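To keep things clear, I will list the structure first and then write my remarks on it.
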Amino acid sequence: MYDANHLIRQLRESSLGREEDVFARLPGGGTVTFDALFAGAERMASALAGQGVQPGDRVAVQVQKTIQAIELYLGTVMAGGIFLPLNTAYTGPEVAYFVGDATPRVVVCDPVRKEEISAISGEAKVLTLDAAGQGTLRDLADGQPGFEPVVRQADDLAAILYTSGTTGRSKGAMLSHDNLASNSLTLRGYWRFTKDDVLIHALPIFHTHGLFVATNVALFAGCQVVFLPGFDADAILDAMPTATALMGVPTFYTRLLADARLTPERAANMRLFISGSAPLLVDTHEQWEARTGHRILERYGMTETNMSTSNPYDGERRAGTVGFPLPGVEARVIKDGAEVPAGEIGVLEVRGPNVFQGYWQMPEKTAEELQADGWFITGDMAKIDADGYVTIVGREKDLIITGGFNVYPKEVESLIDDLPGVLESAVIGVPHPDFGEGVVAVVVPKGEGTSAEAIKAALTGQLAKFKQPKEILLLEALPRNTMGKVQKKALREEYAGLFG
Ligand code: AMP
């Protein structure tokens, strides 16, 4: 039976006629054609089916970024399975939680962790895949016959991605074939990806950004990727003259800006730089334009919703904003149960084919956040201005309530970031005996540097007294996760005792 809904079938059809063309350029000069990629994926699907993977079964994967890992993703979904990627940084006890929660049929891990992972994987079959794409899974896959994708419906699950859990326990976001296919097709069009593009792919593939935005958009465009195992300024700058697009987190851009080899000439062949997963500083946006002549296109999304908003391709890319809702996606800002007027801050909700199916085995959590009429409460505080541009002002859980007043960290951070001698800042609330929470600013100085006194003096008169930090701490760097997100929870824990 022909299955038009199947994500992998759709991805494959997008490169029809280009089977012998190169999909991936690998470090060291190797290449992988579209045909080789999908043939590898079919062998993975056969191997998994041979291990008992049935439609709907989870395949949990904690491996390094390789082409074989991409084949494993495609192969799992071809076999009707649900791909469940895990951050390579997760420790044994963390993996034990995910495996216990998701009860996968197969777990694939790095060979060096085989024993540790086997001990916590219960009934699951544990296979290995290493950083060179070798291991027991590869051995099983080699020599397997071709594989026809198992028939799936649009709403059937293709993946479960656990949220990064910056604010609480990780939840498994269930994503359907249609969630993934529809969003990537929208992005392909919105960002004008075609088969002539060459995308620099340096993001991890255990997260929505590298796995779905980068990989699926490239496959839907039938374009080439420069496939890098991780962020590597040398490799990215080397690739730039023959590439057309880069997808990155903000730290990619700040790190590249620190390299003198970033010049307009080097970026001359590039048509698009995209940033997301964490807020891009206005300063970075401006510096990037001055250095390369390109305005970074910032977009916004999350594990549960895929991508929801994007700055325009042709129109004005407004620094500090995440642009407009994507075609087919609705966005609104809610406060006290009602939609707020333009420019006012509230909690952002989104609705559309991009929105996930709910949290794995957490019907109550799902009901709290995914409303019956389809609107998903993102937990991000945002405003939408009169022109329709959306600005994210931070996570709702990062909102500070001090002496009964609300303080939006972004408002304070923006003022501090604009001061001379400041690179960036994070404003948090920590327990305070009088005020409930006290505002604390953690500041990273730059250049000549600054002092807590200078910052305090500069904010006086600019901010209401209750918004002014009661304590300003200078740090060399902010704690960030692999996706470049500032770990405010870690800062709150670290400074929990600041006010006694
Ligand atoms: P994740 O599920 O790991 O992709 O994290 C999603 C969260 O990252 C969102 O809910 C936002 O808080 C944040 N985020 C993603 N993109 C942006 C952006 N362009 N600007 C600000 N925050 C962002």
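The values are calculated or read from the model by the stated rules, or taken from the named source; none is laboratory data. None of the values given here were measured: they were computed from a predicted structure. Because the Cβ atoms are built from the backbone with ideal geometry, glycine has one as well, and the counts that use them run over all protein chains shown. Surface areas here come from the heavy atoms of the whole protein model, side chains and all, with no ligands, DNA or RNA. Shrake-Rupley method; radii C 1.70, N 1.55, O 1.52, S 1.80 Å.
Structure data summary
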quantity: Long-range neighbours under 8 Å by Cβ, at least six apart or interchain, first residue under 20 Å from MET302 (Cα atoms) and within 15 Å of the ligand (Cβ to nearest atom) within segment 386-413, second in a helix (DSSP H, G or I) and open to solvent by 70 Å² or more (accessible area, probe 1.4 Å); calculated: VAL393/GLU411
quantity: Conditions (1) of a type in the set (Phe, Trp, Tyr); (2) under 27 Å from ASP35 (Cα atoms); (3) assigned to a helix (DSSP H, G or I); (4) within 16 Å of the ligand (Cβ to nearest atom): number failed by PHE220; calculated: (4)
quantity: Only one of GLY438, GLY497, GLY484, GLY461 that is at positive phi and more than 27 Å from the chain's Cα centre (by Cα); calculated: GLY461
quantity: Among the residues listed as ILE384, ILE345, the single one being surrounded by 19 or more Cβ atoms within 10 Å (Cβ to Cβ) and under 24 Å from PRO469 (Cα atoms); calculated: ILE345
quantity: Matching residues, segment 185-197, being open to solvent by less than 50 Å² (accessible area, probe 1.4 Å) and either free of Cβ contacts under 8 Å to residues at least 40 places away in the same chain or of a type in the set (Asp, Glu) (or both); calculated: ASP197
quantity: Among (1) open to solvent by 10 Å² or more (accessible area, probe 1.4 Å); (2) farther than 23 Å from PHE34 by Cα; (3) within 16 Å of the ligand (Cβ to nearest atom), the one test that ALA260 misses; calculated: (3)
quantity: Residue list for segment 115-127, restricted to those being touching a residue at least 24 places away in the same chain (Cβ under 8 Å) and within 17 Å of THR88 (Cβ to Cβ); calculated: GLU116, ILE117, ILE120, LEU127
quantity: Single match in GLY56, GLY75, GLY52 (criterion: within 20 Å of ILE205 (Cα to Cα), outside any strand (DSSP E or B) and in contact (Cβ under 8 Å) with a residue 60 or more places away in the chain); calculated: GLY75
quantity: MET247 being closer than 30 Å to ALA158 by Cβ and open to solvent by less than 40 Å² (accessible area, probe 1.4 Å); calculated: yes
quantity: Pair list, Cβ under 8 Å, 6 or more apart: segment 4-32 residue basic (Lys, Arg), other residue outside any loop (DSSP other than H, G, I, E, B) and open to solvent by 60 Å² or more (accessible area, probe 1.4 Å); calculated: ARG25/THR31
quantity: Subset of segment 7-42 (residues that are of a type in the set (D, E, K, R), crowded, with 16+ Cβ neighbours inside 10 Å and part of a loop (DSSP other than H, G, I, E, B)); calculated: ARG18
quantity: Helices (runs of 4 or more DSSP H) wholly inside segment 394-500 that include at least 1 residues being under 21 Å from ASP380 (Cβ atoms) and either open to solvent by less than 40 Å² (accessible area, probe 1.4 Å) or not hydrophobic (A, V, I, L, M, F, W, C) (or both); calculated: 409-417, 488-494
quantity: Segment 279-310, subset among the hydrophobic types (A, V, I, L, M, F, W, C) and surrounded by fewer than 18 Cβ atoms within 10 Å (Cβ to Cβ), residue farthest from the ligand (Cβ to nearest atom); calculated: ALA290
quantity: Enumeration of residues in segment 358-394 that are modelled with pLDDT of 95 or more and among the small types (Gly, Ala, Ser); calculated: GLY358, ALA367, ALA372, GLY374, GLY379, ALA382, ALA386, GLY388
quantity: Checklist (1) open to solvent by less than 20 Å² (accessible area, probe 1.4 Å); (2) away from the ligand (no atom under 14 Å from the Cβ) applied to PRO229, failing item; calculated: (1)
quantity: Residue match in segment 313-327 (condition: open to solvent by less than 50 Å² (accessible area, probe 1.4 Å), at positive phi and within 16 Å of the ligand (Cβ to nearest atom)); calculated: yes
quantity: Any chance ALA60 is crowded, with 17+ Cβ neighbours inside 10 Å and over 19 Å from THR208 (Cα atoms); calculated: no
